[in-house]
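For reference, the structure is listed below as C-alpha cells.
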Amino acid sequence: MSFLHLLILSGLFQTIRTAGLTGYQINGGVNSLLGNSFGQPGVEATYDYIVIGGGTAGNAIAARLALDPAGYSVAVIETGSFYELDNSNRTTVAGYDYYSVQAETPPSFVNYNIPTVPQAGYNNRTIDYAQGRTFGGSSALNYMAYHRPTIGSMQMWADAVQDDDWTWDNVLPFYKKSVNFTAPDYTKINPQFDIQYNESVLTPPGGPLQISYGNHMFDYGLALQDGFEKIGIGAINGTNAGNLIGYGPQTGTLNPVGATRDSSKTSFLETAMQNTNIKIYQTTTAKRILFDDNKEATGLVVEMQGIHPTAQYTLSARREIIVSAGAFHSPQLLMVSGIGPRATLEDLNIPLVAESEGVGQNMWDQPWIGLAYKTTYETQTQVILNNPNVTGQAVSEYLANQSGLLAGIGGGESVGWEKLPSRSRASFSNTTLALLSRFPPDWPEIELDPLAYSPVPDNVSSTDHYITLGACLVAPLSRGNMTISSNDTNDRPIINPAWMTHPGDMEVAVQAFKRVREWATASGIATAAAYNPSADVRTDAQIVDWIRENGNLIYHPTSSCAMGPSSDPSAVIDSHARVRGVTGLRVVDASAFPFLPPRASDGDDMLAEKIADYILTGQ
Ligand SMILES: Cc1cc2nc3c(=O)[nH]c(=O)nc-3n(C[C@H](O)[C@H](O)[C@H](O)COP(=O)(O)OP(=O)(O)OC[C@H]3O[C@@H](n4cnc5c(N)ncnc54)[C@H](O)[C@@H]3O)c2cc1C
Ligand SMILES: *[C@@H]1O[C@H](CO)[C@@H](O)[C@H](O)[C@H]1NC(C)=O
Ligand SMILES: *[C@@H]1O[C@H](CO)[C@@H](O)[C@H](O)[C@H]1NC(C)=O
Ligand SMILES: *[C@@H]1O[C@H](CO)[C@@H](O)[C@H](O)[C@H]1NC(C)=O
Ligand SMILES: *[C@@H]1O[C@H](CO)[C@@H](O)[C@H](O)[C@H]1NC(C)=O
Ligand SMILES: *[C@@H]1O[C@H](CO)[C@@H](O)[C@H](O)[C@H]1NC(C)=O
Ligand SMILES: *[C@@H]1O[C@H](CO)[C@@H](O)[C@H](O)[C@H]1NC(C)=O
Ligand SMILES: *[C@@H]1O[C@H](CO)[C@@H](O)[C@H](O)[C@H]1NC(C)=O
Ligand SMILES: *[C@@H]1O[C@H](CO)[C@@H](O)[C@H](O)[C@H]1NC(C)=O
Ligand SMILES: *[C@@H]1O[C@H](CO)[C@@H](O)[C@H](O)[C@H]1NC(C)=O
Ligand SMILES: *[C@@H]1O[C@H](CO)[C@@H](O)[C@H](O)[C@H]1NC(C)=O
Ligand SMILES: *[C@@H]1O[C@H](CO)[C@@H](O)[C@H](O)[C@H]1NC(C)=O
C-alpha cells in the first residue's frame, strides 16, 4: 500500500469520525458502507446530474437533487479533498478562521491562493486571492458571517434579470429553507449583548445548514455598538430581515453544539451522503465539458489529481451538468470548453461551441480597508501569537465547554452599514453622486466591521491586544475581469478584480476611512495611538496614498458568468441559470449573480435552493 493510499485511508477514517459517518454501520440488517458514497476513480460512469465543484453552492444543489424522492443519481466532482484530512483542525475550529487569509500561511491543500494581476488601484500590488479548494469550497475558508441582502437590492436583481421570481418576497422562502437557526446561549455569550433579531425570517426552521451567533462574543463588541450609536448609526433588528441600514451582531454559519464551522460539506454534503446514493469524486478535476452535435452538454473529461502519468476519463450526464466551480473557475471551465469571448478562444485554439462575450467579464467585488488599533479590550491577538498561557486555556475551554476565545468567528459582534452621511458626501463629484444614486435607498455604501485580530508591531508584548476596524465598499463602482492563459484547468486563471480603479470608489473609500476613525474614537476602544495608519495620516491625499498601499479585499467575487435577460449580449445565463447557446448546462455559484448585492455566500445557498427547485419542477 502506497503512502498516498495510507493517507487517503487515514483521511477517510478521520472523515468518519468527524462526520459521524460509519464505515460499516448495520441499519436494520443492511450494511451501510462509507465507500458507497464515492465514485470509482478511473471508471466511466453515467449519472442523471453531475455537479462540478463541491463548494458552497455545489454541495447545496447536489444535495437537493439527490434528496428528491425521484431518486436521481447525482455525482459531485471536486478538485480538493476533505479538510479534516488536508487542513488538520484549522477549518473546523470556528476561532481558527483567521488562518485562511494570513499572509504567512504556507502553501495549502485547501486554498487556491490565486495571485491577482498587478492592481492599478493598489499601486500595482499583486494580492493572493484566497479561494476554497476542498469539499465545502470557500464556505470552508470564509469568516462564516451570514447575513442577507436587502429588499431593494433583490428588487434590483429581479429587475436586472427581468424575472419577479427574484424579488425579496420570492427568495425569502429559499433563504429560510437552507438554515436552522439556534438562539444565542447566554451561558456562553455575554448576556449584555442582548441580541435582537427578527425571528420571523428565521422560522420555520429549515436545514441542514446551522446558523447561530456562535458561543463567544468579545466584549469590545459592546463598546463598538455604543460607538455606532454615537456616530449616528442605529440598531437594526437582526441582519437577515432585508434591512441593513444600521448595526447589529451578525449570525454565522456555525454549529453551536460543537462551536464548529458548518460548511456546505458538514451540512449539505454529509446529509446527502447519509441519506442518498450520491457519489462524490475527490481529488478529481473537471478538464472540459463535452457537447454533442446539438450543443447539448453530455458529459465531461475529468483528471485524477496526483496520479502520474496523468489519468483522465469521462463521466456522462443523462439530464444536466451544473457548473459550481466558483467565481474564477466556473468561467475558466466554460472557456476551456468552448463557451466564452471569441477572441480568447481563437487565440488559444479552443474550438468555439457558443460565443459568449460576458464570460469572465462584469466581475464585482468589494474593496476593503482595515485600520489596526491597539486596544485595552481582549482580542484574539495572543491566540494568534501562540502565547501558551492563553492558547492552553482557550483550547481546553473550547474542547470541554465549546466556549471561549475559539468558539466564535472572531469578529461580527457588531457590524454596521450606512449610506454615507451628507457631510461625508460634500466632496463627491457629481458623477460619483449620480452613480451612487442608482443603488436603491436600502443598499448601503459602506459596511463597518471588526476583526478580533490585526497585524502587530515587532515589539508586541504577551499582554497586548490589537483589533482591526474595517470598512468595505458594498456599492463598488469598479468592475473586474478574468481570463485564461491556456486550455488547461490545472493552470491558474488570470484574475483582475480591479479594486478601486474607478475614481468614485476612491472618493467613497476616503470617507469610509474617516468614518472608521470616528467609530474607533466614539467607541473608546482605541486607547493608545492607532497602530496602522498612525495619526500622521491626516489629509485626503495622505489617506489616498495609505489606501493605495494598504487597501485589501474581503473575498466576495461574483458575476463573472452573470445572469441576465436575453436582450443583454453580456448575460451568460438566463434567470434559471441555464447557459445561453447550449442546452443541459447551468452555472450555479457566485459567478451567476447578476451583480453583487450587499452580501455573498448566503446568496449562494439561496441560489442553489432556487435553481434546484427549478430543475426538480422541470423549469
Ligand atoms: C477568506 C474568505 C472569507 C470570506 N468571508 C465571508 C463571510 O464571512 N461571509 C460570506 O457570506 N462570504 C464570505 N466569503 C465569500 C463566500 O465564502 C463565497 O462567496 C462563497 O463561498 C462562494 O461559493 P461558490 O459556490 O461560488 O464557490 P466555492 O465555494 O469557492 O466552490 C467552488 C468549488 O469548486 C471547486 N473547483 C474549482 N474548479 C474545479 C474544477 N475544474 N474541477 C473540480 N472542482 C473544481 C473548488 O475546489 C471549490 O471547492 C469569504 C470568502 C473567502 C475566500
Ligand atoms: C502601474 O503600472 C502601470 C503599467 O505598467 C504604470 O503605468 C503605472 O505607472 C504603475 N503605477 C504605479 C503606482 O507604480
Ligand atoms: C436545529 O437546531 C436545533 C438546536 O437549536 C437542533 O436540536 C435540531 O436538531 C436542528 N435541526 C436540524 C434539522 O438541523
Ligand atoms: C425584533 O423582532 C422581533 C420579532 O421577531 C420582536 O419581538 C422584537 O421586539 C424586535 N426587536 C426590536 C428591537 O425591534
Ligand atoms: C421582520 O421581517 C419581516 C420581513 O422582512 C418584516 O415584514 C417584519 O416587519 C419584521 N418584523 C419586525 C418586528 O421587525
Ligand atoms: C488544533 O491542532 C493543533 C495542532 O495539533 C493543536 O495544537 C491545537 O490544540 C488544536 N486545537 C484544538 C482546539 O483542538
Ligand atoms: C467548563 O465549564 C465549567 C462550568 O462553568 C467550569 O467549571 C470549567 O472550568 C470549564 N472548563 C474549562 C476547561 O474551561
Ligand atoms: C454639480 O451639480 C450641482 C447641482 O446640479 C451644480 O450646481 C454643480 O455646479 C455641479 N458641479 C460640478 C463640478 O459640475
Ligand atoms: C513598541 O514600540 C512603539 C514605537 O516605538 C512604542 O510606542 C510602544 O510603546 C512599544 N510597545 C512596547 C510594548 O514596548
Ligand atoms: C506565562 O505565565 C507565566 C506565569 O504567570 C509567566 O512567567 C510567563 O512569562 C508567561 N508567558 C508568556 C508568553 O506570557
Ligand atoms: C480587464 O480589464 C482591464 C482594465 O481594468 C483591461 O485592461 C483588460 O484588458 C481586461 N481583460 C480582459 C481579459 O477582459
Ligand atoms: C490544449 O492546448 C495544447 C497546446 O496548444 C494542445 O497541445 C492540446 O491538444 C489542447 N488540448 C485539447 C484538449 O484541446
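Please state the shape class of segment 191-320: rounded when a/c is under 1.5, otherwise prolate if a/b exceeds b/c and oblate if not, all from the C-alpha gyration tensor.
Cα axes put segment 191-320 in the prolate bin.
Evaluate the relative contact order of segment 58-133 (contact order divided by residue number), counting alpha-carbon pairs under 8 angstrom at least 6 apart; express in whole percent.
Once divided by the residue count of segment 58-133, the mean separation gives 22 percent.
Need the list of lysines near Lys374 for cross-linking: C-alpha distance under 29 angstrom, and skip anything on the same chain fewer than eight residues off.
Lys188, Lys230, Lys419, Lys514
Order of 423-432, 149-158, 243-252 by packing, highest average Cβ count within 10 Å first?
So the order, starting with the most tightly packed, is 243-252, 149-158, 423-432.
Among 110-120, 269-279, how do they line up by average Cβ neighbours within 10 Å per residue, starting with the highest?
So the order, starting with the most tightly packed, is 269-279, 110-120.
Between Glu296 and residues 5 or more places away or on another chain, which pairs have amide H atoms under 5 Å apart, with H built 1.01 Å from N, and which residues are they?
Thr583
Be a star and scan segment 604-619 for residues whose amide nitrogen sits under 13 Å from the point 7 Å along the Cα-to-Cβ vector of Asp163.
Flagged as within label range: 607-619.
Using a 1.4 Å probe and counting only protein heavy atoms, arrange Arg288, Arg492, Arg586 so the residue with the most accessible area comes first.
Of Arg288, Arg492, Arg586, the descending order of accessible area is Arg492, Arg288, Arg586.
Could you tell me how far the Cα centroid of segment 547-566 sits from the Cα centroid of segment 512-541, in Å?
One Cα centre to the other: 27 Å.
Consider a paramagnetic label point 7 Å from the Cα of Asn389 along Cα→Cβ; state which residues of segment 453-475 have an amide N under 12 Å from it.
461-464
Measure out, as a whole number of angstrom, how far apart the alpha-carbon centroids of segment 314-339 and segment 418-442 sit.
So the separation of the two Cα centres works out to 39 Å.
Whose amide H sits under 5 Å from the amide H of Lys287, counting only residues 5 or more places off or on another chain, with H placed in the peptide plane?
Correct list: Val301, Val302, Glu303.
Would you be so kind as to identify which of Gly581, Gln382, Ser437 lies farthest towards the positive end of the dipole of the chain, taking Lys and Arg as +1 and Asp and Glu as -1 on Cβ and the Cα centre as origin?
Checked the options; the winner is Gln382.
Ranked highest first by average number of other Cβ atoms within 10 Å, how do 72-79, 160-167 line up?
The peptides rank, most packed first, as 72-79, 160-167.
Please state the charge dipole magnitude for the chain, taken about the Cα centre, from unit charges on C-beta atoms (+1 on K and R, -1 on D and E), reported in debye and rounded to the nearest 20.
The dipole of the chain has a size of about 260 debye.
Provide the net charge surrounding Val537, with neighbours chosen by a C-beta distance below 14 Å and charges set as Lys +1, Arg +1, Asp -1, Glu -1.
Every neighbour counted, the sum reads 0.
Can you give the FRET efficiency to the nearest 0.05 for Glu357 and Ser429, using r as the Cβ-Cβ distance and R₀ = 22 Å?
Given R0 = 22 Å and the Cβ-Cβ separation, E is 0.15.
Considering only protein heavy atoms and a probe of 1.4 Å, how much of the accessible area of segment 424-514 is carbon and sulfur, as a whole percent?
So the carbon and sulfur contribution to the accessible surface is 51 percent.
Identify, among Gly564, Gly238, Gly411, the residue whose Cα sits farthest towards the positive end of the charge dipole of the chain, taking +1 on the Cβ of Lys and Arg and -1 on the Cβ of Asp and Glu, with the dipole about the Cα centre.
Farthest towards the positive end: Gly411.
Taking Cα pairs under 8 Å and at least six residues apart, what relative contact order does the chain come out at, in percent?
21
Can you work out the Karplus-derived ³J(HN,Hα) for every residue in segment 344-349? Use 6.51 cos²θ - 1.76 cosθ + 1.60 with θ = phi - 60°, whole Hz, and x for glycine or proline.
Coupling constants for segment 344-349: 4, 5, 5, 4, 9, 6 Hz.
Identify, among Gly137, Gln155, Met606, the residue whose Cα sits farthest towards the positive end of the charge dipole of the chain, taking +1 on the Cβ of Lys and Arg and -1 on the Cβ of Asp and Glu, with the dipole about the Cα centre.
Checking the options against the dipole of the chain, the answer is Gly137.
Would you grab the residues whose amide H sits under 5 Å from the one on Val587? Only those 5+ places off in sequence or on another chain, please, with H modelled 1.01 Å from N.
Under 5 Å from the amide H of Val587 lie the amide H atoms of Val323, Val579, each far enough along the sequence or on another chain.
For Arg288, what charge total do you get from the other residues with a beta carbon under 11 Å from its beta carbon, if Lys and Arg give +1 and Asp and Glu give -1?
-1
Return a whole-number percent for the relative contact order of segment 246-324, with Cα pairs under 8 Å and 6 or more residues apart as the contact set.
Computed value for segment 246-324: 17 percent relative contact order.
Taking 7 Å along the Cα-to-C-beta vector as the label spot, tell me the Tyr313-Asp219 distance in nanometres, rounded to one decimal.
About 6.0 nm separates the two model spin labels.
Distance in nm between label sites at Asp68 and Leu616, each 7 Å beyond Cα in the beta-carbon direction?
Output for this residue pair reads 0.8 nm.
Along segment 361-367, what does the Karplus equation 6.51 cos²θ - 1.76 cosθ + 1.60 (θ = phi - 60°) give for ³J(HN,Hα), rounded to whole Hz, x for Gly and Pro?
For segment 361-367, the Karplus curve yields 9, 6, 6, 9, 7, 10, x Hz.
Straight-line reach only, C-alpha to C-alpha below 21 angstrom: list the lysines that Lys287 could link to, leaving out same-chain residues fewer than 8 apart.
Lys279, Lys295
Cβ under 13 Å from Gly564's Cβ, Gly564 left aside: what net charge do those residues give with Lys, Arg +1 and Asp, Glu -1?
Combined, the nearby Lys, Arg, Asp and Glu give -3.
Return the sequence-ordered ³J(HN,Hα) values of segment 401-418 in whole Hz as given by the Karplus equation 6.51 cos²θ - 1.76 cosθ + 1.60 applied to θ = phi - 60°, using x for Gly and Pro.
10, 6, 9, x, 4, 9, 9, x, 8, x, x, x, 4, 7, 10, x, 10, 7
The values are calculated or read from the model by the stated rules, or taken from the named source; none is laboratory data. All of these numbers come straight from a predicted model, not from anything done at the bench. Glycine also receives a Cβ, built like all others from the backbone with ideal geometry; neighbour counts cover every protein chain displayed. In case anyone asks, the SASA skips ligands and DNA or RNA and just uses the protein heavy atoms, side chains included. Shrake-Rupley method; radii C 1.70, N 1.55, O 1.52, S 1.80 Å.
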